[in-house]
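One structure is given below, encoded as structure tokens.
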Amino acid sequence: MLANKGIYQKLVFSETGAPPSLGIQAMNARACSVILEMLAENRRTDLPAAWEFTATRGKIAFKTGTSFGFKDAVTAAVTPAYTVAVWFGNVSGKYSPALAGREAAAPAAIEIMNELTRFHSGWFTLPDSVSRREICETSGKLPGEHCPAQAIIRDYYLPGISSAEICDVHKQILISTDDKNSFCPSCAHLSSKPKKKIIVVSQDVNTAWFLRSQGRKRDEIPPHFPGCPKKDLYLKPVIAEPENGSSFVIFKLLPSEGQKIPLRVFAALDVDSITWYVNGKLLFQKKPLDVSFLEPAPGKMEITAIDNNGRSAVSTITVEEK
């Protein structure tokens with residue numbers, strides 16, 4: 001459908017080239033073009049940094065997938081002429097840690113596509129209505145006044161459809177000239193220390209964890225001014241996973257080892273340890289950046305994270321058993 005300009009058609013199995021069935025315009029054709037460009041930027045398993053410099057590998061768009069419980073590994077790849085889908089799994093449905101889409105299915109799908117596009121590759125033509133503009137690479141939004149020049153790139157967008165939000169990830173903050181404290185609007189006037197302005201990446205939990213997933217460290221900000229009347233508001237931990245109000249389903253027939261819930265917390269720089277509680281009972285104590293795992297039980301679970309300074313955060317989830 002993506003390769004067919006958003007038109008969904010039923011599959012026709014034919015050895016004689018039967019005419020395609022009538023289709024339904026299920027997606028915007030311009031959106032499909034942008035998505036295909038994005039999927040073509042996926043890191044390939046064959047010559048990931050140099051495939052485009054070869055004469056025997058064509059441009060392809062592909063997406064990998066791994067089913068819950070590691071039962072299926074899949075990859076779908078497309079060009080204007082071909083669609084290839086690869087599945088690896090056990091017919092019995094038995095799970096295996098080896099059944100991950102990128103590791104198991106992607107190499108096979110890409111190898112097949114390399115054979116098909118070896119000497120006659122082609123690519124989709126972008127509609128005239130798809131344009132390019134400058135965005136902040138970190139947030140994906142239009143550059144804000146504090147976005148550094150090196151973070152600004154050009155990317156595709158759909159005029160009238162794509163978001164026009166301004167980047168709010170790069171922020172200007174106040175710190176002392178000796179780099180010992182940071183200040184918010186509530187406490188900047190309470191300290192006589194000389195101050196300077198710096199640009200940092202937002203320390204909110206979503207941004208911090210996204211950057212970490214991309215292998216990037218958050219900016220090191222000095223500890224918040226201890227005399228701030230609202231310091232606990234700024235310094236209290238935030239539970240990134242599981243998100244408050246989330247619902248989970250566990251399956252009796254699957255091993256419990258593969259159904260654990262990750263516990264992640266975003267904590268202030270002055271925190272050395274996080275103590276986790278579930279429904280008021282001590283679970284364990286970990287370092288702030290450690291990813292821990294909770295074996296869920298049916299019903300409501302109140303998960304509490306308390307840092308070594310006594311500041312806490314709570315996330316309540318519900319678990320259903322099938």
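The values are calculated or read from the model by the stated rules, or taken from the named source; none is laboratory data. In this text the structure is predicted, and so the values were computed from the model without any measurement. Don't worry about glycine lacking a Cβ; one is built from the backbone with ideal geometry, like all the others, and counts go over all protein chains shown.
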Identity of the residue in region 109-122, in a helix (DSSP H, G or I) and in contact (Cβ under 8 Å) with a residue 60 or more places away in the chain, that ends up farthest from ALA85 (Cα to Cα) | ASN114
Pull up region 12-27, narrow it to residues that are of a type in the set (A, V, I, L, M) and assigned to a loop (DSSP other than H, G, I, E, B), then point me to the one that is surrounded by the most Cβ atoms within 10 Å (Cβ to Cβ).
-> MET27
Working carefully through the options THR138, THR125, find the one that is touching a helix residue (DSSP H, G or I) at 6+ places or on another chain (Cβ under 6 Å), more than 30 Å from SER67 (Cβ to Cβ) and assigned to a loop (DSSP other than H, G, I, E, B).
-> THR138
Taking region 1-11, which residues are part of a loop (DSSP other than H, G, I, E, B) and within 23 Å of LYS59 (Cα to Cα)?
-> MET1, LYS5, GLY6
Do we find that PHE62 is assigned to a loop (DSSP other than H, G, I, E, B), among the hydrophobic types (A, V, I, L, M, F, W, C), buried (at least 16 other Cβ atoms within 10 Å of the Cβ) and under 26 Å from the mean Cα position of the chain (by Cα) in this structure?
-> no
Condition test on PHE293, is it touching a residue at least 12 places away in the same chain (Cβ under 8 Å), within 24 Å of LYS180 (Cα to Cα), outside the structural domain of ASP179 (by TED's automatic domain parsing) and among the aromatic types (Phe, Trp, Tyr)?
-> no
SER96 being in a loop (DSSP other than H, G, I, E, B) and polar (S, T, N, Q) = yes
Going through region 157-206 one residue at a time, which ones are of a type outside the set (D, E, K, R), in a loop (DSSP other than H, G, I, E, B) and farther than 30 Å from GLU243 by Cα?
-> LEU158, PRO159, GLY160, THR177, ASN181, CYS187, SER191, SER192, PRO194
Among the residues of region 111-136, write down those that are out of contact with any strand residue (DSSP E or B) (no Cβ under 7 Å at 6 or more places or on another chain) and buried (at least 17 other Cβ atoms within 10 Å of the Cβ).
-> ASN114, THR117, SER121, PHE124
Considering each residue of region 74-99, count those that are surrounded by 17 or more Cβ atoms within 10 Å (Cβ to Cβ) and within 24 Å of LYS252 (Cβ to Cβ), and give that number.
-> 3
Could you list all residues from region 250-282 that are over 22 Å from the mean Cα position of the chain (by Cα), more than 30 Å from PHE183 (Cα to Cα) and at pLDDT 90 or above?
-> TYR277, VAL278, ASN279, GLY280, LYS281, LEU282
